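The values are calculated or read from the model by the stated rules, or taken from the named source; none is laboratory data. Since the model is a prediction, treat every value here as computed from it, not as a measurement. Using ideal geometry, Cβ is built from the backbone for each residue, glycine included, and neighbour counts are taken over all protein chains shown. Quick note on the areas: whole protein, heavy atoms, side chains included, nothing else; ligands and nucleic acids left out. Shrake-Rupley method; radii C 1.70, N 1.55, O 1.52, S 1.80 Å.
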Amino acid sequence: MSDAIDIVIPWVDGNDPEWLAEKNKYKKNKAEDDNINRYRDWDLLRYWFRGIEKNAPWINKIHFITWGHLPSWLDAENPKLNIVKHQDYIPEKYLPVFSSHPIEINMHRIKELSETFVYFNDDTYLIDGISPEFFFQNGLPVDTVKEVPLRFNVGGIDHIIGNDMMIVNKNFDKKAVIKKNRKKWFSPKALSATAKNLYMLPINGFSAFDNPHLPQSFLKSTIEKLWQKEYNILDETSNHKFRSNEDVNQWLFRYWQFCEGTFIQSGAERGRFFSIGRDDELIEAAISEKKMKLICLSDDDVSLDFEKEKYFLKEMFEKILPEKSSFEK
């Protein structure tokens, strides 16, 4: 494909004393979602860069979002790297922010961001070679639409997903959406998704969509359109310095792409989600045997042995990505 594909990835050094001091200055409510596992650094970022350079060398530009700090080993002069500080793209009235949601929903403001880009979290890794068509085909994001019931779990982000779905259902009629793109919602190359979509078909309105916790392909124009149509909720979320149950998140843009039909339905398994500590044997097999292209290594257990697990993960990545990338000094 001819269109340039960029990557956007946010990163925070949870050990930076200046960042911690600023965060604590604004943190007034102990009930705010501020768990340590949202910020602690696993020191695996160099393997993220190695994976991208080795397995997706065709990427146009990496936009690296940071509060201001940088890893000591990162070569900020690399021509394929754009260092983006929060104040470089997030409107001043929202700053400072310590929630991922304002950081994500303002991505379209990054200077020179391409129309087609992939959003990575720093816990998602590319471990095998892919082509541009893995993320985009004919200028459209490759994704899998699968409607699922919305269930509320204590400690989860289901309230935020519910907020996303309220916006979706306010703007789209489910029957009309599916009728317009029937071949995508009921695709023979995505049998599991098709079966679920058929099961959910009789329910009025969209309930929720399956979220695989993997890198996400976006059209910048989709985000721009949402800011025009739903400014109030995006503005309110951007004003929250810490995560709130009143927020929407960047999944709203993905859902919008589903409803507009601006996506290509994928039938292939695109990656896998693992919980660090609980899934270590599966993680070892996935990385060493490259059983999939993408993996998410979720830090969702505040009580795990952090140093032990960090050593284990670095050992695994060294097996498949031992050579320095051009992003390292």
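Brief remarks follow.
- Inter-residue pairs, beta-carbon under 7 Å, first small (G, A, S) and in the range 222-249, second assigned to a helix (DSSP H, G or I), 6+ apart: S238/Y94; S238/P102; S238/I105
- When the range 151-190 is filtered for residues that are more than 19 Å from L226 (Cβ to Cβ), out of contact with any Gly (no Cβ under 6 Å at 6 or more places or on another chain) and open to solvent by less than 50 Å² (accessible area, probe 1.4 Å), the ones remaining, listed by number, are G156, D158, I178, K184, W185, F186, S187.
- Scanning the range 215-228 for residues that are among the polar types (S, T, N, Q) and either touching a helix residue (DSSP H, G or I) at 6+ places or on another chain (Cβ under 8 Å) or in a helix (DSSP H, G or I) (or both) returns Q216, S221, T222, Q228.
- Residue-level check: of (1) modelled with pLDDT of 95 or more; (2) over 26 Å from R50 (Cα atoms); (3) in contact with a Phe, Trp or Tyr (Cβ under 9 Å, 6 or more places away or on another chain), R243 misses just (1).
- Flag for D210 being surrounded by fewer than 17 Cβ atoms within 10 Å (Cβ to Cβ) and farther than 29 Å from N171 by Cα: no
- Unmet requirement for V154, which otherwise passes all of (1) under 29 Å from W42 (Cβ atoms); (2) at pLDDT 95 or above: (2)
- Failed item, numbered, when M292 is tested on (1) out of contact with any strand residue (DSSP E or B) (no Cβ under 9 Å at 6 or more places or on another chain); (2) within 24 Å of P10 (Cβ to Cβ): (1)
- Among the residues of the range 229-239, some residue qualifies, meaning at least one is more than 17 Å from I161 (Cα to Cα), more than 19 Å from the chain's Cα centre (by Cα) and in a loop (DSSP other than H, G, I, E, B).
- Checked against (1) surrounded by fewer than 11 Cβ atoms within 10 Å (Cβ to Cβ); (2) in contact with a strand residue (DSSP E or B) (Cβ under 7 Å, 6 or more places away or on another chain), V142 passes all but condition (1).
- Test for K85: is it within 16 Å of V8 (Cβ to Cβ) and either without any contact (Cβ under 8 Å) to a residue 40 or more places away in the chain or of a type in the set (D, E, K, R) (or both): yes
- Residue in the range 83-93 that is open to solvent by 40 Å² or more (accessible area, probe 1.4 Å), over 30 Å from A286 (Cα atoms), aliphatic (A, V, I, L, M) and not in a helix (DSSP H, G or I) present: yes
- Given (1) over 23 Å from T262 (Cβ atoms); (2) surrounded by fewer than 20 Cβ atoms within 10 Å (Cβ to Cβ), index of the condition E115 fails: (1)
Yes or no, residue by residue, for (1) part of a helix (DSSP H, G or I); (2) touching a residue at least 24 places away in the same chain (Cβ under 8 Å); (3) crowded, with 16+ Cβ neighbours inside 10 Å:
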residue	(1), (2), (3)
Q257	yes, yes, yes
F273	no, yes, yes
A286	yes, yes, yes
K319	yes, yes, no
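- Some residue of the range 68-77 being open to solvent by less than 10 Å² (accessible area, probe 1.4 Å) and farther than 12 Å from V8 by Cβ: yes
- Selected residue (only one of F218, F209 is in contact (Cβ under 8 Å) with a residue 60 or more places away in the chain, in contact with a Pro (Cβ under 7 Å, 6 or more places away or on another chain) and at negative phi): F218
- Condition met for P57 (touching a Lys or Arg at 6+ places or on another chain (Cβ under 8 Å), in a loop (DSSP other than H, G, I, E, B) and of a type outside the set (V, I, T)): no
Matching residues to (1) in contact with a His (Cβ under 7 Å, 6 or more places away or on another chain); (2) open to solvent by less than 50 Å² (accessible area, probe 1.4 Å); (3) modelled with pLDDT of 95 or more:
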| residue | (1), (2), (3) |
| --- | --- |
| K229 | no, no, yes |
| D235 | no, yes, yes |
| D247 | yes, yes, yes |
| W251 | no, yes, yes |
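- Against the criterion of being of a type in the set (V, I, T), open to solvent by less than 10 Å² (accessible area, probe 1.4 Å) and under 27 Å from Q137 (Cα atoms), I223 qualifies.
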